[in-house]
Structures are given as C-alpha cells and as structure tokens.
Amino acid sequence: MTHSNSLLLPDGGRLNFRIDGAEGAPWVVMSNSLLTDLSIWDAQIAPLTKRFRVLRYDQRGHGGSSLPKGPMSFADYGNDLNLLLADQAIKRCIFVGLSMGVPTGLAALAKAPERFAAFVAVDGVAKSAPGREVFWAERRETARNKGMVEIAKTTVPRWLPGATDAMIASLQDMVTRTPVEGFVVATSALASYDHVEGLQHLNGPFLGISGAEDGAMPDAVRRQFGDLNDARFADIPRAGHLPNFQRSDAFNDVLMTFLSDNSHIMEAR
C-alpha cells in the first residue's frame, strides 16, 4: 500500500511525503540529503515494507516540498520533521537520515526524544567540519550564476565514484531539478551547525553507515558518534556519498541486519 500526500505547515509551507507498507507495522522514517528528493530511497522500499511502514519526505526546498520563505537552521528543518511525525500520529520510529538528514533528525530528536527508537546516520554528522563556510559560499555563488546544471556536473561524479553512466545521469537529473533557492537555504544551514547536544537524548541503538569512498566521512562518523553506548558502524565498499543509491544491495543488507537485531525495540503504530 502506497500513498503520497502533503502537509500544510503553520507558516504556509508544505512538505511532500509518501507512505509505503502495511498499516499497523512499525515505522521507519527517512529524510533525504541535499540535492535529492524522497526517490533517493526507492531501492530501500521493497525490503523495508516486508516488515515496516515507511514514511519518506522531501525536506523543504527539495522535491515536491515548498521553498522556504527565508533562512532556515537545522532547528527549523527538525521542527518540520516533528510536525510531520505528529501529523501522522507516529509515536515511535526508526529514523534514517542521509547527509543533511542527519542534523535534521538530531534537531528533531532533541525536541521529541520519545519518538526516536533508534537512529541511523548515513554519510552525515552531528557537527560541521571547520572551514565549510567558504566552500558552501562558493557553491551558492556557482548556483546563482551558472545554475543547477553546473552544480550537478561538479557534484555528481564526486558523490558517485566509479558509478555507471546511467546512475550518474539519474542523479544529475535529480540535482538539476532542485531549485536554486532550496540549495541556497540548505547550504547556508550546512555551512556551520552543531547538533552534538542532540545525541544525549538518544536512548536507543545507533547505526552509522558510510560510503567507503566518501573521503573523510567514514572517520568523521566514527569520531562523532563513537562514544554512544549502543553504536555500530559499517562502510559500504565502492560507494561514495550516497551508498543507499549507489550500492543499494550492500546498503540494504547492513540496514536490515541492524533492524532485525534490534527488533525488540520496535513498537507498532
């Protein structure tokens, strides 16, 4: 069973979301990365819906969700997520965040920890690395002056090292559909953030998944989340920044093993 819908937010914005799976099954909630939309999770839906009800949504400024009306922090993105969980009466879920979905989830967790039974961070961290302000300022200038096609040309090969031409073309299409202003607002939030404090509110298990070829990310994930009491980590070989997209079979094996091993924490809706 699948249905798509949108949530009207208090400030007039809208979140586009989709639900797959049987009613009454435990919830898995998935939050997309910069430059992608909820379809980035397509390859995870078939294995997940054998046991879970899956909610995935487009963060504001991406996919079918509305553009922000002004600057947004991750506290704002996290508030969007909590409003969506409340709207769907999701009292408890396994959260899976990809890249910028990780600080979004941590901001939501800090405000409503009772909703998060477990947390999965995919190629994302709780605190931005020093010096990212300059990088993202340059990227915003490129987007404004040359458009999202140029962002796609320079980003996609870096995110998908060794990927097929078809896979690269698919992601380039997704990236170029991202509105410039959505990219600008999101990268302003990404430039400097710190949601390490949110980790103290996590009372369930944690899984960090990284693409083995995503630069310093595997080490950063272990460094930032390694002190959690119930944490495990996995690197996906021959994958870059989007391992769930580039190496979906290997990614799904890791994710489903984690969920099976922690089945005792799941609570049906």
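Of all residues in region 46-73, those satisfying the criterion of being outside any loop (DSSP other than H, G, I, E, B) and hydrophobic (A, V, I, L, M, F, W, C) are Ala46, Leu48, Val54, Leu55. Looking only at region 199-212, count how many residues are crowded, with 22+ Cβ neighbours inside 10 Å and in contact with a Lys or Arg (Cβ under 8 Å, 6 or more places away or on another chain). Looking only at that region, the number is 3. Restricting the first member to region 132-144 and to residues that are under 19 Å from Thr176 (Cβ atoms) and small (Gly, Ala, Ser), and the second to residues that are open to solvent by 40 Å² or more (accessible area, probe 1.4 Å) and part of a helix (DSSP H, G or I), the beta-carbon pairs closer than 7 Å and six or more apart or on different chains are Ala143/Val180. In region 176-198, is there at least one residue being at pLDDT below 95 and either farther than 24 Å from Pro71 by Cβ or open to solvent by less than 10 Å² (accessible area, probe 1.4 Å) (or both)? Yes, some residue in region 176-198 is at pLDDT below 95 and either farther than 24 Å from Pro71 by Cβ or open to solvent by less than 10 Å² (accessible area, probe 1.4 Å) (or both).
Note on region 46-88: among residues that are of a type in the set (Asp, Glu) and surrounded by fewer than 23 Cβ atoms within 10 Å (Cβ to Cβ), the one that is nearest to Lys127 (Cα to Cα) is Asp76. Among the residues of region 1-45, those that are in a loop (DSSP other than H, G, I, E, B) and either among the aliphatic types (A, V, I, L, M) or surrounded by fewer than 15 Cβ atoms within 10 Å (Cβ to Cβ) (or both) comprise Met1, Leu9, Pro10, Asp11, Gly12, Ala22, Glu23, Gly24, Ala25, Leu34, Leu35. Restricting the search to region 38-60, which residues are free of Cβ contacts under 8 Å to residues at least 40 places away in the same chain and either of a type in the set (Ser, Thr, Tyr) or within 20 Å of Ala107 (Cβ to Cβ) (or both)? Within region 38-60, Leu38, Thr49, Leu55, Arg56 qualify. Residue by residue through region 95-150, note down the ones that are in a loop (DSSP other than H, G, I, E, B), among the polar types (S, T, N, Q) and surrounded by fewer than 24 Cβ atoms within 10 Å (Cβ to Cβ). Ser128 - this is the single residue of region 95-150 that is in a loop (DSSP other than H, G, I, E, B), among the polar types (S, T, N, Q) and surrounded by fewer than 24 Cβ atoms within 10 Å (Cβ to Cβ). For region 213-236, a residue qualifies if it is in contact with a Phe, Trp or Tyr (Cβ under 9 Å, 6 or more places away or on another chain), among the charged types (D, E, K, R) and open to solvent by 40 Å² or more (accessible area, probe 1.4 Å), and the qualifying residues are Arg222, Asp230, Arg232. Taking the condition of being farther than 21 Å from Gly204 by Cβ and open to solvent by less than 60 Å² (accessible area, probe 1.4 Å), how many residues in region 248-264 meet it? Residues flagged as farther than 21 Å from Gly204 by Cβ and open to solvent by less than 60 Å² (accessible area, probe 1.4 Å) within region 248-264 amount to 2.
The values are calculated or read from the model by the stated rules, or taken from the named source; none is laboratory data. It should be emphasised that the depicted structure is a prediction, and the values quoted were computed from it without experimental measurement. Here the Cβ is made from the backbone with ideal geometry for all residues, glycine too, and neighbour counts use every protein chain on show. Heavy atoms of the whole protein, side chains included, go into the accessibility calculation; ligands, DNA and RNA do not. Shrake-Rupley method; radii C 1.70, N 1.55, O 1.52, S 1.80 Å.
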